[in-house]
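Peer 1: Questions regarding the structure given below will be posed in turn.
The values are calculated or read from the model by the stated rules, or taken from the named source; none is laboratory data. In this text, all values refer to a predicted model and were calculated from it rather than measured experimentally. Note that each Cβ is placed from the backbone with ideal geometry, even for glycine, and that neighbours are counted across all protein chains shown. Note: areas computed on protein heavy atoms with side chains; ligands, DNA, RNA excluded. Shrake-Rupley method; radii C 1.70, N 1.55, O 1.52, S 1.80 Å.
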Amino acid sequence: MENKYHQKLLQQTSKNIYIFNSKNILKLASSGDTIKHEMALEAEIIDYISSARGEIFGNWDYISHQVVASPFKPIDYMDKMDIFGYRRISGYETISKYLVIEIKKDDADISVLSQVMKYVDWINQEYSFGDYGMITAFVVAKDFPQEVISEKEAIGNITYIKGIRPVESAEWKDLTLVKYSYNELIGELEFTVI
């Protein structure tokens, strides 16, 4: 009996029914051109970035998901970045840039801008030594109402001081809004920068 079960499983596996990847997750979580679960979006965006398909998000040496972005507290109350990553200086171990991506399966609202900026501040304090220029941020959502697009300019700009002597005034504006759509025919997400 065990042999028959193994044979059946091998036949099904050869048909790719049991292969677990981001494309299958997207297909299961799709409803038309929308994705019903943020984790499916997260998996596909990580796959998209990792496979170097994504000129929108750039190339990164390290990508992770659900990275803690708050001081230690009980797990239920911790803030977590949907996607976090970094890029090294080519040929060195030194990190040159940090990535944060906040994902919304539905339309974005104003609060997502404050949320992603809280993560930008966390990365600045914990990783980039006060240099906002080392951070790039994205918000990925189904759509962006005009009020969110308008507020991005106000909320997504930071003036800061960098350097020691001489100090230099700098401005951070590296927040990009990205609209997603699920293409059922090819089983992939398509991205549009707003």
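Peer 1: Got a sec to turn the phi values of the stretch 89-100 into Karplus ³J(HN,Hα) couplings, 6.51 cos²θ - 1.76 cosθ + 1.60 with θ = phi - 60°, whole Hz, x for Gly and Pro?
Peer 2: 6, 3, x, 10, 8, 6, 7, 10, 7, 10, 10, 9
Peer 1: Here's another thing I want to ask about it. Kirkwood hydrodynamic radius, computed over distinct alpha-carbon pairs, for the stretch 79-194: how many Å, to one decimal?
Peer 2: About 15.3 Å for the stretch 79-194.
Peer 1: Using a 1.4 angstrom probe on heavy atoms only, work out the carbon and sulfur share of the accessible area of the chain in %.
Peer 2: Ligands and nucleic acids excluded, carbon and sulfur give 53 percent.
Peer 1: Take the alpha-carbon centre of the stretch 81-95, take the same for the stretch 110-139, and report the distance between them in whole Å.
Peer 2: The two parts, judged by their Cα centres, are 15 Å apart.
Peer 1: So what's the net charge close to T94: Lys and Arg +1, Asp and Glu -1, counting the other residues with Cβ under 14 Å from its Cβ?
Peer 2: Details: positive: R87, R88, K97; negative: D61, E93, D131.
My count for the surroundings of T94 gives 0.
Peer 1: A further question follows. Once both labels are modelled 7 Å past Cα along the beta-carbon direction, what's the D106-E153 spacing in nm?
Peer 2: Reported label-point gap for D106 and E153 is 2.8 nm.
Peer 1: Treating the chain as a set of equal point scatterers at the Cα positions, no solvent, please give the Debye-formula log₁₀ I(q)/I(0) at q = 0.15, 0.19 Å⁻¹.
Peer 2: Values returned for q = 0.15, 0.19 Å⁻¹ are -0.96, -1.37.
Peer 1: Say we join alpha carbon atoms closer than 10 Å with springs in a Gaussian network model of the chain; which of S96, S51, S128 then has the biggest fluctuation?
Peer 2: The residue that fluctuates most here is S51.
Peer 1: How large is Rg/Rh for the stretch 33-94, to two decimals, with Cα atoms and a Kirkwood Rh?
Peer 2: 1.05
Peer 1: Which far-off residues, 5 or more places away or on another chain, put their amide H under 5 Å from the one on K80, with H placed in the peptide plane?
Peer 2: Distant-sequence amide H within range of K80: A69.
Peer 1: Show me, for the stretch 160-169, the HN-Hα J-couplings you get by feeding each phi into the Karplus relation (A = 6.51, B = -1.76, C = 1.60, θ = phi - 60°), rounded to Hz, glycine and proline as x.
Peer 2: Once rounded to whole Hz, the list reads 9, 9, 10, x, 10, 9, x, 7, 9, 7.
Peer 1: Using a cut-off of 10 Å between beta-carbons, work out the net charge of the residues near D79 (Lys and Arg +1, Asp and Glu -1, D79 not included).
Peer 2: Result for the neighbourhood of D79: +3.
Peer 1: Percent relative contact order of the stretch 144-184, based on C-alpha pairs within less than 8 angstrom and at least six residues apart? Walk me through the intermediate numbers first.
Peer 2: On the way: 30 pairs, mean separation 14.4, N = 41.
Answer for the stretch 144-184 is 35 percent.
Peer 1: Let me have the relative contact order for the chain, percent, based on Cα pairs under 8 Å that are six or more residues apart.
Peer 2: On the way: 317 pairs, mean separation 32.0, N = 194.
Relative contact order here is 16 percent.
Peer 1: Hey, another quick one. Note down the net charge around F144, summing +1 for each Lys or Arg and -1 for each Asp or Glu among other residues with Cβ under 15 Å from its Cβ.
Peer 2: Counting the neighbours of F144, the net charge comes to -3.
Peer 1: Right, something else. Can you list residues from other chains, or at least 5 along the same chain, whose modelled amide H is less than 5 Å from the amide H of S30?
Peer 2: Under 5 Å from the amide H of S30 lie the amide H atoms of K36, each far enough along the sequence or on another chain.
Peer 1: Considering only protein heavy atoms, what per residue accessible area in square angstrom results for the chain with a 1.4 angstrom probe?
Peer 2: Here the residues of the chain average 59 Å² of exposed surface.
Peer 1: If you don't mind, another one. 5 Å is the cut-off here: which amide hydrogens, built 1.01 Å from N in the peptide plane, fall below it relative to I135, excluding neighbours closer than 5 in sequence?
Peer 2: Y98
Peer 1: Which ³J(HN,Hα) values in Hz, rounded to whole numbers, follow from the phi angles of the stretch 173-189 under the Karplus curve 6.51 cos²θ - 1.76 cosθ + 1.60, where θ = phi - 60° and Gly and Pro get x?
Peer 2: 9, 9, 10, 10, 9, 10, 8, 10, 8, 9, 9, 4, 5, 9, x, 9, 7
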